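Asks: Sending over a structure as structure tokens; questions will come in a sec.
Rule-based calculations on the coordinates, nothing more; no lab input. Quick caveat, the model's predicted, so the values are computed rather than measured. Cβ placement follows ideal geometry from the backbone for every residue including glycine, while neighbour counts extend to all protein chains displayed.
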Amino acid sequence: MTDSVKKPVRVRMAPSPTGPLHLGTARTTLFNWLFAKSHNGKIILRIEDTDFERSKKEYEEDIINGLKWLGFDWDEGPDVGGQYGPYRQNERLDIYEKYLNKFFDEEKVYYCFCSKEQLEEDRQAMLSQGMAPKYGGRCRNLDPKEAKKRVENGEHAAIRFKVPPIEVEFTDIIRGKVSVNAELIGDIVIARNLRSPLFMFAGVVDDFEMKISHVIRGEDHITNTPKQILLQRALEFDEVKYAHLPLILAPDRSKLSKRHLETSLNDYRNEGFLPEALVNFLAFLGWHPTEDKEIMPVEELIKEFDLRRVQKGGAAFNIVKLEWFNSQYIQKMDSKELLSRLESFIPKTWLENPDLLIKIIDVEKSRMNSLAGFKNLAEPFFELPFYDKKLLLWKDISEKDTLRNLKMLSEEILKIPESDFGKKRLEQIIMPLTEVWGRGELLWPLRAGLSGREASAGPFELMDVLGKDESLKRIKSAADKFNA
Ligand code: GLU
């Protein structure tokens, strides 16, 4: 294919439904999606469920829901159909069988009857001789007709592809030239039987049949690439372009263990991470723009995304960074929109007073790291928590002076007419008093008495939301702690 007749960009997102949507899969999907969007390309969702035992419908649903929640869409897929379907590998077995039969006709594959034990024994023997283990070729020269008969008679045999002893070279968009001596690979199993292909083979067939132009996937697949290129050549398919994304590493740059990231996307969703924040965070797991900026909403990511700027080295996963992205997106979000996102994170009864909730959100937005954290921040607005009077004491100020300060504040606040009650007026009245009586001396017991908390929004914001009556009631109950 010459450059002047460039193939249209068609990428595939190819999750295996063997578990809930994983953050790593979400990142791979994002990079495919961004690449396609930035090239006016098409996106295909293909469910890779050739592992019959481990694949589950519920995981497929979880993955599709999760991808949609993150904001991804696709032009073709099991739920939307398309010209090159079906889009579940399990529903494409006839297609794979056709190509396997073609391979048999051309004697490019053979039946392998070796047992697991036998293969393991061979492997150990090679290792003990200091050789890199590979299949020794025991079944390669069996008479094909004889082998076929054995299979027809019920004997179990895998289907092995004859790997030619050549140097395989390809140019990875991220990693550059990669060259592998296929002699070291040995003949590979590509199917358990005619109706049960392995993903390596099924993927090659599908990429061709679905006219995929670019395969963008995790670096953990890079050892499959030379094998898949050999399969493509044997099937006389066009080569696709490859880009292998760097591994996701633990924060200390060690290999990521289950402990670090075996969490599904749902965990992050349930903890109250915004999809917008996750997408921005995931984009930076291995990529960064030319300019030194981090907050990039998805439209901006699409504009600037370039596979050639994906780093080769592993990308460290840092939860603190993710929390930072989340808080940035929360702060920027319109409070009404934020309220709709918060619905599943707060008690139903709170929703009866949306105006109050909006006010609370306005006040607390800047202190929120996650949607789940909002409930705790908002609780004092609905009910004053029990607290010990010690909470009201600023540094070494005595109980007596604290009581006097609270009373004085209460009298001043009482004077403000209801119609004028609000943050601005409160500030006007109280701030000059702090010049005389001290800032901490007045503002600390006021704030602590209004919230019942060691940490909260400031006293003026609190009163603005609580209103005059409730504010005065709370200040009185603070003062009563010393009268009692
Ligand atoms: N289904 C594979 C996975 O989930 C992806 C294979 C590929 O991208 O070629 O890891």
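Asks: Apply the Karplus parameterisation 6.51 cos²θ - 1.76 cosθ + 1.60, with θ equal to phi minus 60°, to every residue of region 122-133 and state each ³J(HN,Hα) to the nearest whole Hz, in sequence, with x for glycine and proline.
Replies: Calculated HN-Hα couplings, in order: 4, 4, 4, 4, 5, 4, 5, 8, x, 9, 6, x Hz.
Asks: If you don't mind, there's one more thing I want to ask. For all pairs of alpha-carbon atoms in region 61-139, what percent lies in each bin of width 10 Å, listed from the first bin to the last filled one?
Replies: Distribution as computed: 14, 23, 21, 21, 20, 1 percent.
Asks: So, in nm, how far is label Ser254 from label Leu194 when the simple model puts each one 7 Å beyond its Cα toward the Cβ?
Replies: 5.0
Asks: Okay, next question. Taking 0.36 nm per residue of separation and subtracting the Cα-Cα distance, what length does fully extending Ile302 through Ile166 add?
Replies: Computed gain between Ile302 and Ile166 is 45.0 nm.
Asks: Between region 131-171 and region 55-91, what is the separation of their alpha carbon centroids in Å?
Replies: Between the Cα centre of region 131-171 and that of region 55-91, the gap is 34 Å.
Asks: Assign unit charges at the C-beta atoms only (+1 for Lys and Arg, -1 for Asp and Glu), then state the dipole size of region 364-446 relative to its Cα centre in Debye, rounded to the nearest 20.
Replies: Its charge dipole is roughly 160 debye.
Asks: Compute the distance from the alpha-carbon center of region 432-484 to that of region 382-431, in whole Å.
Replies: So the two Cα centres are separated by 3 Å.
Asks: Cβ neighbours within 10 Å, averaged per peptide: list 307-320, 449-462 in order, most packed at the top.
Replies: Output ranking for 307-320, 449-462: 449-462, 307-320.
Asks: Using amide H atoms built in the peptide plane, which far-off residues or other-chain residues are under 5 Å from Ile248 H to H?
Replies: Those lying under 5 Å, H to H, from Ile248 are Ala315.
Asks: What is the antiparallel percent of DSSP beta bridges lying wholly in the chain, to the nearest 5?
Replies: 55
Asks: Between Ala316 and Arg439, what is the label-point separation in nm under the 7 Å Cα-to-beta-carbon projection?
Replies: 3.6
Asks: Using the structure shown, select from Lys98/Lys162; Lys42/Lys303; Lys56/Lys177; Lys348/Lys389; Lys303/Lys332 the pairs with a Cα to Cα distance greater than 26 angstrom.
Replies: Distance filter (> 26 Å) returns Lys56/Lys177; Lys348/Lys389.
Asks: Stretch Lys336-Arg150 to full length: gain in nm at 0.36 nm per residue minus the Cα-Cα span?
Replies: In short, 60.0 nm is gained.
Asks: In region 211-301, which GluC sites (Glu not before Pro) are in a loop and have at most 10 other Cβ atoms within 10 Å, using DSSP for the loop call?
Replies: Passing both the DSSP loop test and the Cβ count: Glu236, Glu291.
Asks: Of the GluC sites (Glu not before Pro) in region 129-158, which ones lie in a loop per DSSP and count no more than 11 other C-beta atoms within 10 Å?
Replies: Of the GluC sites (Glu not before Pro), the ones in loops of region 129-158 whose Cβ has at most 11 other Cβ atoms within 10 Å are Glu155.
Asks: Could you work out the helix-only [θ] at 222 nm for the chain, with each DSSP H run of four or more residues adding -39,500 (n - 2.57) and the total divided by the number of residues, to the nearest 500 deg cm²/dmol?
Replies: -14500 deg cm²/dmol
Asks: Relative to the Cα centre, what is the charge dipole magnitude of region 1-80, using +1 at the beta carbon of each Lys and Arg, -1 at the beta carbon of each Asp and Glu, and rounding to the nearest 20 debye?
Replies: With Lys and Arg at +1 and Asp and Glu at -1, about 420 debye.
Asks: Now a separate question. Pull the list of the chain cysteines that no other Cys approaches to under 4.7 Å, Cβ to Cβ.
Replies: If one checks each Cβ against the other cysteines of the chain, Cys114 turn up with nothing under 4.7 Å.
Asks: Here's something else I'd like to know. List the chymotrypsin sites (Phe, Trp or Tyr not before Pro) within region 48-120 that DSSP assigns to loop and that have no more than 12 neighbouring Cβ atoms inside 10 Å.
Replies: Filter output for region 48-120: Phe52.
Asks: Along the charge dipole of the chain, pointing to its positive end and built from +1/-1 on Cβ of Lys, Arg, Asp and Glu, which listed residue (Pro197, Gly218, Ala14) has its Cα farthest out?
Replies: Going by the charge dipole, the pick is Gly218.
Asks: So how strong a dipole does region 211-346 carry about its Cα centre when Lys and Arg Cβ are +1 and Asp and Glu Cβ are -1, to the nearest 20 debye?
Replies: The calculation lands at about 480 debye.
Asks: Here's a follow-up. Once you keep just the Cα pairs under 8 angstrom separated by 6 or more residues, what percentage relative contact order results for the chain?
Replies: 12
Asks: Using alpha-carbon pairs under 8 Å, 6+ residues apart, how would you state the relative contact order of region 3-104 in percent?
Replies: 29
Asks: For Lys476, go through the aspartates and glutamates and keep the ones whose alpha-carbon is under 16 Å away, minus same-chain ones fewer than eight residues off.
Replies: Glu383, Asp388, Glu399, Asp401, Glu411, Glu412
Asks: Can I ask one more? What residues from region 454-484 fall in the zone where the backbone N is under 12 Å from a label point 7 Å along the Cα-to-C-beta line of Arg367?
Replies: 454-463
Asks: Something else about it: So what is the relative contact order of region 34-175, in percent, for Cα pairs below 8 Å that sit 6 or more residues apart?
Replies: 20
Asks: Here's another thing I want to ask about it. Using the Cα centre of the chain as origin and beta-carbon charges of +1 (Lys, Arg) and -1 (Asp, Glu), tell me which of Pro385, Ile185, Gly77 is placed farthest towards the positive end of the dipole.
Replies: Ile185
Asks: Between Asp388 and Phe113, how high is the FRET efficiency from 1/(1 + (r/R0)^6) when r is the Cβ-Cβ distance and R₀ = 45 Å? Nearest 0.05.
Replies: Calculated transfer efficiency: 0.05.
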